[in-house]
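What follows is a set of notes on a single structure, which appears directly below.
The values are calculated or read from the model by the stated rules, or taken from the named source; none is laboratory data. It should be emphasised that the depicted structure is a prediction, and the values quoted were computed from it without experimental measurement. Note that each Cβ is placed from the backbone with ideal geometry, even for glycine, and that neighbours are counted across all protein chains shown. In case anyone asks, the SASA skips ligands and DNA or RNA and just uses the protein heavy atoms, side chains included. Shrake-Rupley method; radii C 1.70, N 1.55, O 1.52, S 1.80 Å.
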Amino acid sequence: MSKVLSPVSAPDLNKTLEQPAAVRLLDVREPHEYVSELGHIAGSELVPLGQLPQQLDRFAGETREIVVICKSGMRAAKAADLLAQRGLQARVL
């Protein structure tokens, strides 16, 4: 079991995203939030937190760091913990 990595700031993530396929972006908000005026990060995958336990297999074997995104960080922290329990490298934006 891995532990959740330290959070990443938006400016640091922006620098990381300059490198193609450097990280995998996971947005755990609800669909209406993903398409709201707040928008979403291009290339992020939408898997609402409530659906993540059933979707964990889609991350099996992922070697990249997974940056988990939500509005305030609370859902992202729960999601990052679930991913870390599966041995994946996860951090919260």
> Counting only Cα, what are the radius of gyration and maximum Cα-Cα distance Dmax of the stretch 31-71, in Å?
Replying inline: 11.4, 34
> Taking the Cα centre of the chain as origin and charging only Cβ (+1 Lys, Arg; -1 Asp, Glu), how large is the dipole, in debye to the nearest 20?
Replying inline: 260
>> Using a 1.4 Å probe on the protein heavy atoms only, what accessible surface does Leu17 show? Give it in Å² to the nearest 10.
In response: 70
> Cα-based Rg (one decimal) and Dmax (whole number) for the stretch 1-51, in Å?
Replying inline: 12.4, 37
> Roughly what would the spin-label model give for Lys71 and Ser6, points 7 Å off Cα along C-beta, in nm?
Replying inline: 2.9
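Scan the stretch 19-70 for trypsin sites (Lys or Arg not before Pro) in coil per DSSP, keeping those whose Cβ has at most 15 other Cβ atoms within 10 Å, and list them by number.
Here the trypsin sites (Lys or Arg not before Pro) that fit, given the DSSP loop and packing criteria, are Arg64.
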> Dividing the convex hull volume of the Cα atoms of the chain by its residue count, what figure in Å³ per residue is obtained?
Replying inline: 90
> Can you pull the percent of the chain's accessible area that's carbon plus sulfur, 1.4 Å probe, other chains left in place?
Replying inline: 52
>> Keeping every protein chain present and rolling a 1.4 Å probe, give me the accessible area per residue for the chain in Å².
In response: 59
>> Run the reach check for Lys3 against aspartates and glutamates, Cα to Cα strictly under 20 Å, same-chain hits fewer than 8 apart removed. What comes back?
In response: Asp27, Asp57, Glu62, Glu65, Asp81
>> Test of understanding: what is the full-extension gain from Leu38 to Arg64, defined as 0.36 nm times their sequence separation minus their Cα-Cα distance?
In response: 6.8 nm
>> What does the extension gain come out to for Leu56 and Arg86, with contour length at 0.36 nm per residue minus their alpha carbon separation?
In response: 10.0 nm
